[in-house]
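What follows is a single structure, written as structure tokens, with notes after it.
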Amino acid sequence: MIQYKRLSTDEISRQLFKDFIRHQNVTKCWRKERGEWVVKEAPFVDDWTEEDYGFLVSCLKNTILLGGFVYGAFCDGKCKGFVSVESEWFGDEQEYLDLSSIHISEDMRKKGIGRTLFLAAKEWAKKQGAKKLYISAHSAVETQAFYRSMGCVEAKVYNQKHVEQEPYDCQLECSL
């Protein structure tokens, strides 16, 4: 049985992710060419290094310290998924909050955990007064299929910080 809870800075450490498997075999990705979205062959394996986990821990702690939301999914006491939403507003009308991460351990995908975490993020953002969640998401076909199933569409306003950091990510929004 999966248990969900909001996380505190004290709970976030490298140890929290010792049983988390961040692995994805990517074969095809969405790319925008001449204003149109097309699927392209782009094979690679996405695995996190120790440096990546260190950066993740730092980012999640910062999210909480700045008033954001970090929510985890646990199976037998082991973290198997998490989502984070930043507290900083942006957009022309300051209507967006940024869903900065959502990840499910490879061994627990396709069990509804991502959906539950995403809905919790939407609920939290809506309670803060947001009108939309902004998502700068991996362009892998499978990743984009998840977001589309959650009602996300291409963002009307792009967050330039994300575009500069991850030029191949898809910039999405989801109305709340």
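Residues that are touching a Leu at 6+ places or on another chain (Cβ under 9 Å), of a type in the set (Gly, Ala, Ser) and not in a strand (DSSP E or B) do not occur anywhere in the range 94-102. The residue pairs whose first member lies in the range 154-176 and is among the aromatic types (Phe, Trp, Tyr), whose second member is surrounded by 13 or more Cβ atoms within 10 Å (Cβ to Cβ), and whose beta carbons are closer than 8 Å, counting only pairs six or more residues apart or on different chains, are Tyr158/Gln171; Tyr168/Cys29; Tyr168/Arg31; Tyr168/Ser139. For the range 142-167, filtering for residues that are in a helix (DSSP H, G or I) and farther than 25 Å from Asn25 by Cβ leaves 4. Restricted to the range 136-176, and to residues there that are in contact with a helix residue (DSSP H, G or I) (Cβ under 7 Å, 6 or more places away or on another chain) and within 15 Å of Trp37 (Cβ to Cβ), the residue that is surrounded by the fewest Cβ atoms within 10 Å (Cβ to Cβ) is Asp169. So, Phe82, is that one among the aromatic types (Phe, Trp, Tyr), closer than 27 Å to Lys18 by Cα and either touching a His at 6+ places or on another chain (Cβ under 7 Å) or touching a residue at least 40 places away in the same chain (Cβ under 8 Å) (or both) or not? Criteria met by Phe82. Of the strands (runs of 3 or more DSSP E) lying entirely inside the range 1-77, those containing at least 2 residues that are more than 19 Å from Ser136 (Cβ to Cβ) and among the polar types (S, T, N, Q) are 23-33. Among all positions in the range 139-146, there is at least one residue which is of a type in the set (Phe, Trp, Tyr), free of Cβ contacts under 8 Å to residues at least 40 places away in the same chain and under 18 Å from Arg22 (Cα atoms).
Of these, Ala130, Ala121, which one is within 12 Å of the chain's Cα centre (by Cα), small (Gly, Ala, Ser), surrounded by 15 or more Cβ atoms within 10 Å (Cβ to Cβ) and modelled with pLDDT of 95 or more?
Going through Ala130, Ala121 in turn, just one is within 12 Å of the chain's Cα centre (by Cα), small (Gly, Ala, Ser), surrounded by 15 or more Cβ atoms within 10 Å (Cβ to Cβ) and modelled with pLDDT of 95 or more: Ala121.
Screening Phe118 on (1) farther than 21 Å from Glu166 by Cβ; (2) part of a helix (DSSP H, G or I) shows it passes everything except condition (1). Restricted to the range 20-56, and to residues there that are in contact with a Ser or Thr (Cβ under 6 Å, 6 or more places away or on another chain) and in contact (Cβ under 8 Å) with a residue 40 or more places away in the chain, the residue that is nearest to Thr9 (Cα to Cα) is Phe20.
The values are calculated or read from the model by the stated rules, or taken from the named source; none is laboratory data. Because the structure is a prediction, the values reported are computed rather than measured. As a convention, Cβ positions derive from the backbone with ideal geometry for all residues, glycine included, and neighbour counts pool all protein chains shown.
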